[in-house]
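**Q** Please see the structure below; I have some questions.
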Amino acid sequence: MQPKRKLAIAAVAGTLLMLGMAHPPHADIRILTHDRSDYHPQRFQAAVDLGVAAFSVLITWTARHANP
C-alpha cells in the first residue's frame with residue numbers, strides 16, 4: 001500500500017473514532033410552574049433519543065383543589 005493511502009485510511013479511522021466517542025447534543029427543557037409549597041406537584045415528563053440528538057422535557061404545575 002502506498003504511504004498516502006495508509007495516511008488517508010488512518011485519518012478516516014481516527015475521525016470515525018472521534019465521532020463515535022462524542023456525546024450527541026442533548027436539549028433539556030424544564031418548565032417549573034408549580035407553587036413552592038406544593039410538595040407533590042403534577043408533572044409531565046418525556047424523553048426522546050434519536051441517536052443523533054436527544055430531547056427531554058419536564059413540565060410541573062400545581063393542581064388547585066376546591067376545599068369542601
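**Q** Scan ALA27, ALA53, ALA13, ALA47 and give me the residue that is among the aliphatic types (A, V, I, L, M) and over 10 Å from the mean Cα position of the chain (by Cα).
**A** None of the other options fit; the residue is ALA13.
**Q** If you don't mind, another one. Considering region 1-53 alone, what residues qualify as being in contact with a Pro (Cβ under 9 Å, 6 or more places away or on another chain) and among the small types (Gly, Ala, Ser)?
**A** GLY51, ALA53
No value in this document is a laboratory result; all are computed from the given coordinates. As the structure is a computational prediction, the values presented were derived from the model and not from experiment. Neighbour counts run over all protein chains shown; Cβ positions are idealised from the backbone, glycine included.
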